[in-house]
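Working notes for the structure below.
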Amino acid sequence: MVDVLIIGGGVCGCSLLYRLSRYKLNVVLVEKENDVSLGTTKANSAIVHAGYDPEPGTKMARYNVEGNAQMEKLCQDLDVPYLRTGSLVLAFDGEQMQVVDTLFHRGRQNGVPGLQVLTPKEIREMEPNVSDQVKSALYAPTAAVISPWELAIAQAETAVKNGAQVKLNCPVTAMEKTEEGFRVTAGGEVISARFVVNAAGVDCDRVHNMLCPPSYTVYPSKGQYYLLDKSQGDLVKHVIFQCPSSQGKGVLVAPTVHGNLLVGPNAEPAEKGDVGTTAEGMDFVREKAALSVSGINYRDSIRNFAGLRANTDQEDFLVGETEVPGFFQIAGIKSPGLTSAPAIAEDMVRMLGEAGLPLQEKENFDGTRKVTRFKKLSHEERARKIQENPLYGKIVCRCETITEGEIVDALHRPLPPCSVDGVKRRCGSGMGRCQGGFCGPRVQEIIARELGVPQTQVMQDREGMYIITGETKQGGKNQ
């Protein structure tokens, strides 16, 4: 009997798994894909929001501010890239200046520290490349950028190291209430659990309706982005927002934690699974971004991508116990879901404890993780690392200076990747200007070698995304 079964391996599900792994419990996370972080967590703005946007008194407002306060320490503990940039919300006319003033007072009410309303002169001193049409801006010094998928992976890995389980390729197909708890069918396996937590992202309504009468519906919203080369990474130093609307926080221009520049997103209705970009969507992003920063060189774009938000017909996050006792949910998690994830997980642990889950801490829990990033080492540290392990002397990804040693280490960590993009999310190989054009085949070879599988079984990313299916020529004396 599992104590807690978590459905969904996004940043919220992985955050809860990490929190629960500190207790003497049998905790399992099931994920329908072949890796964690493959939904909204993989494709979003990567912003740690300050907390001025949500309406005061909502769960969004509370979790946002609490999550922001926890994020830097969490990233330090788990060796996840984090960069406190601060953010600016730009106003270009009198009406938008009133919005900035509203956000300032709302943020103060939510408990956001350090907020200021800046004059055009102050804005230009901080960000000389923003439009000279700006009239005022809200400055939030506690905003930051991180690597969302690395946060999810790090928490899952650390949880597994502490005895939790992650079952991949395990879509939930049925659930029923029992006397002892629940019977959940996932990936063809039946799992008995005392408590179940639905953190299924854009599928949260489908999972909810397996046990409960329908009470909300997910209406996915797609956002499309440009990722630009590091040559554009210094164009702005802060996260540059436009005034929010009912469609979201608008098109932003922001540095990434890896030194690139991110531009986007738009917001458009989409079907579940639709993460394709369109010429119309990307044109919209460029047009709107030019209002904030006009000097973006899109010739340096190295990747376009899109992600889905789990918008529902409810205004707030849906976090708590459902009408079925023991069945909890972390649902309808749109922005600021990434920022809120650690606080949501902390609160969910409290709720589970109040519902009867025994929370006895482990004496030997280790909530930390350390990752070697070769390009961040000094020359002396690099020499020592190569002496310890010669694989660190072999550069596989030249764009990002990723070594074979780093890739092999990732393949032997507690939650090893099985795809080229799974390695990319852990090490950064393939994230540079060539987007894996040169290092991809070598990474594929290393995965096959280290996992002991044929190269034909190594996916690009999700199951079914084959890179090769077999040989095109047969060697022999007649050829």
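Only the coordinates and a few stated rules stand behind these numbers; no lab work does. This is a predicted model, so every value here is computed, not measured. Cβ placement follows ideal geometry from the backbone for every residue including glycine, while neighbour counts extend to all protein chains displayed.
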Distance in nm between label sites at I395 and T185, each 7 Å beyond Cα in the beta-carbon direction? 5.3
What GluC sites (Glu not before Pro) does segment 142-248 have in DSSP loop regions with at most 12 other beta carbons within 10 Å? E179, E180
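Only Cα pairs under 8 Å and at least 6 apart count here; give the relative contact order of the chain as a rounded whole percent. Numbers along the way, then the final one.
Numbers: 1060 pairs, mean separation 92.0, N = 479.
Computed over the chain, the figure is 19 percent.
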What distance in nm separates the two pseudo spin-label positions at S294 and E55, each 7 Å out from Cα along the beta-carbon direction? 3.8
Which of the GluC sites (Glu not before Pro) found in segment 297-397 are in a DSSP loop and have at most 14 neighbouring Cβ atoms, other than their own, within 10 Å? E315, E323, E363
Rounding to the nearest 20 debye, state how big the charge dipole of segment 140-263 is about its Cα centre with +1 on each Lys and Arg Cβ and -1 on each Asp and Glu Cβ. 180
In debye to the nearest 20, how big a dipole does the chain give about its Cα centre with +1 on each Lys and Arg Cβ and -1 on each Asp and Glu Cβ? 1320
Taking a crude spin-label model, label points 7 Å out from Cα along the C-beta direction, the M1 to E380 distance in nm is 5.7
Relative contact order, percent, of segment 374-457 when contacts are C-alpha pairs under 8 Å separated by at least 6 residues? 24
Under the 0.36 nm per residue contour assumption, what length would be gained going from the current alpha-carbon distance of E95 and Q76 to full extension? 2.8 nm
What pairs from K32/K334; K32/K230; K177/K424 go past 29 Å between their alpha carbons? K32/K230; K177/K424
Can you give the charge dipole size of segment 374-457 about its Cα centre, rounded to the nearest 20 debye, using +1 on the beta carbon of Lys and Arg and -1 on the beta carbon of Asp and Glu? 200
Between E280 and H412, what is 0.36 nm times their sequence separation minus the Cα-Cα distance? Round to one decimal in nm. 43.3 nm
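Give me the number: length gained by fully extending S192 to E315, i.e. 0.36 nm times residue separation minus the C-alpha to C-alpha distance, one decimal in nm.
Extending this stretch completely gives an extra 41.0 nm.
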At R0 = 35 Å, how high is the FRET efficiency between E346 and D234 if r is their beta carbon distance? Nearest 0.05 is fine. 0.45
So which cysteines in the chain don't have a second cysteine's C-beta under 4.7 Å from them? C12, C14, C75, C170, C204, C212, C243, C399, C418, C427, C434
Candidate cut points under chymotrypsin sites (Phe, Trp or Tyr not before Pro) in segment 100-197, DSSP loop plus at most 14 other Cβ atoms within 10 Å of their own Cβ, are none
With runs of 4+ DSSP H residues as the only contributors, calculate the mean residue ellipticity of the chain at 222 nm using -39,500 (n - 2.57) per run, divided by the residue total and rounded to the nearest 500. -9000 deg cm²/dmol
When T403, T368, T277 are ordered from fewest to most other Cβ atoms inside 10 Å of their Cβ, what list results? T368, T277, T403
The relative contact order of segment 263-322, taking Cα pairs under 8 Å that sit 6 or more residues apart, comes to a percentage of 43
